Amino acid sequence: MADRNDSSRGSHNKRTWRSYRQRHRQRSHAQAHAEARQASIPPVLEHPMVPQAPPDTVETQADLLALVDSLRTAGRFAYDSEFIGEETYYPRFCVIQVATTEKVTLIDALAEIDLTPFWELIADEGVPTIVHAGQQDLEPVYRILDRTPGEIFDTQIAAAFLGLNYPCGLSKLVESLLDADLGPGLKFSQWDERPLSDVQKHYAANDVRYLPLLHESMVEQLTKIGRLEWVREENEQFSHPATYQVTPAGQRLRMRGAGMLDTLRRARLEALVQWRDGAAREFDVPPRSLVKDALLLELTRLKPITLEAIRRVRGLPRPVKGRLGEAILRALEEARPETGQADDGARRLTRREIEATREQADVIWQRVRARCDDDRIDPAIVTSKRELTHLVRRFRERGDWGACVAESRLGRGWRGELLGDILRDHPPAA
């Protein structure tokens, strides 16, 4: 957790920025439990690779160490976690679930336990870890150990190479490939309450119970169609530090509407992202709970940039306007484009150029989708219209389509194999 110099200020901001989300989680928790009590819990699929017994529970350091040893002996294991992410800068892990083909175990992450041995196990390249949509679950390994996870197999990624939608939920995946029913969902629950209810334990256990069998089934299918190496390559992202590092440029690229900003406003946006991240750390709140992305974009367009102009931005939280306005002003005033980039006026696209960029990106996107349909790969894991728009935008700035493609991830690895001829042979008009 981020250190705070003023605990009272931190407490005040927790009340200001977390109250709505706390109430929402509490309501969802109560509703989900009420619905679950009325619904029948489906039986566990009978299969030698699917544990049938209720989950064991680990609440002591000795039991954790014994569990880690048993998982290492098993050779591979499934992992998931239940955390509360809307209250603090770093998500608060509450329950950790693991499974082998023999049993499911729940680790009480809120007990007096040092989880370091468990994170070290995930970082061990000799013990593969099976996850589903696992990036957030794996983030503590890098943050705590300053090491990346070892060998990871993400079933959500693998599903996209088998013709299923990306992202595909675990319940849908288990139903499609194993013809099993996970029962009612309970993701948005009060996972920090103790003791855990039977409904919570059942849901948490099912998040990992079927992953070993899924892994075996998917590897077999991917091998038959010659896509296993592509899946392994895509899963290598979990071994790259950049996957867990938040950078201003990376955050900017994910914001809707940021791709059409001129050079100066891109620099302003990145400066604001960096400011927001620092302020969120200080107050121990999620960055987007402090200031939404859309408001950061609005702030980059201010003319003139004054404290009064910042205070007039609609939707900006009052505590931000009142106490952090001057910090925002400084970030905007000090933002400068990177050395060697053209000035503001030279980088701005006309409305006609913006429309042409979007139209060209749409044409490429249609070709990409057709290729993915032929290869039964969901296009959402390959690229997006937004990424293609950024690519065309870079081409308009640089004038060298081949270089732009080669420098992007779309020109490398399995994406380059899949899309190489589409991108190389059909450059957009300058």
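The values are calculated or read from the model by the stated rules, or taken from the named source; none is laboratory data. Please read these numbers as outputs of a predicted model, since none were measured by experiment. Using ideal geometry, Cβ is built from the backbone for each residue, glycine included, and neighbour counts are taken over all protein chains shown.
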| request: Output the number of the condition that residue 355 fails; it satisfies all remaining conditions of (1) crowded, with 16+ Cβ neighbours inside 10 Å; (2) out of contact with any Phe, Trp or Tyr (no Cβ under 7 Å at 6 or more places or on another chain). | output: (1)
| task | Can you tell me which residue among 209, 194 is under 24 Å from residue 110 (Cα atoms), touching a residue at least 40 places away in the same chain (Cβ under 8 Å) and surrounded by fewer than 16 Cβ atoms within 10 Å (Cβ to Cβ)? | result | 194
| field | Within the stretch 31-69, tally of residues that are among the acidic types (Asp, Glu), under 27 Å from residue 188 (Cβ atoms) and at pLDDT 95 or above | value | 2
| message | So in the stretch 225-275, with the set limited to residues that are of a type in the set (Lys, Arg) and not assigned by TED's automatic domain parsing to the domain that holds residue 324, which one is farthest from residue 149 (Cα to Cα)? | response | 227
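One line per residue, one yes/no per condition, for (1) within 16 Å of residue 166 (Cβ to Cβ); (2) in contact with a helix residue (DSSP H, G or I) (Cβ under 6 Å, 6 or more places away or on another chain); (3) free of Cβ contacts under 8 Å to residues at least 40 places away in the same chain:
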residue	(1), (2), (3)
374	no, no, yes
386	yes, no, no
402	no, no, yes
416	no, no, yes
424	no, no, yes
429	no, no, no
| query | Is it fair to say residue 240 is surrounded by fewer than 13 Cβ atoms within 10 Å (Cβ to Cβ) and at pLDDT 95 or above? | reply | yes
| request: Could you grab the pairs with beta carbons closer than 6 Å, sequence gap of 6+ or different chains, first residue in the stretch 287-308 and assigned by TED's automatic domain parsing to the domain that holds residue 268 and under 26 Å from residue 85 (Cα atoms), second one of a type in the set (S, T, N, Q) and at pLDDT 95 or above? | output: none
| said: Can you find a residue that is loosely packed, with under 14 Cβ neighbours inside 10 Å and in a helix (DSSP H, G or I) anywhere in the stretch 419-430? | reply: yes
| field | Number of the condition not met by residue 189 [criteria: (1) assigned to a helix (DSSP H, G or I); (2) assigned by TED's automatic domain parsing to the domain that holds residue 50] | value | (1)
| said: With the requirement that a residue be crowded, with 17+ Cβ neighbours inside 10 Å and either in contact (Cβ under 8 Å) with a residue 40 or more places away in the chain or touching a Gly at 6+ places or on another chain (Cβ under 8 Å) (or both), what does the stretch 50-75 give you? | reply: 50, 51, 55, 58, 64, 67, 68, 71
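Per-residue answers, yes or no, for (1) touching a Cys at 6+ places or on another chain (Cβ under 9 Å); (2) among the β-branched types (Val, Ile, Thr):
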residue: 169; (1), (2): no, no
residue: 174; (1), (2): no, yes
residue: 183; (1), (2): no, no
residue: 192; (1), (2): yes, no
residue: 200; (1), (2): no, no
residue: 218; (1), (2): no, no
residue: 226; (1), (2): no, no
residue: 239; (1), (2): no, no
| message | For the stretch 283-326, give me the residue count where each residue is of a type in the set (A, V, I, L, M, F, W, C) and surrounded by fewer than 16 Cβ atoms within 10 Å (Cβ to Cβ). | response | 3
| note | Only one of 209, 254, 281 is at pLDDT below 95 and over 24 Å from residue 419 (Cβ atoms), namely 281
| query | Looking only at helices (runs of 4 or more DSSP H) that fall completely inside the stretch 230-306, which ones have 2 or more residues that are under 15 Å from the mean Cα position of the chain (by Cα)? | reply | 248-253, 287-290
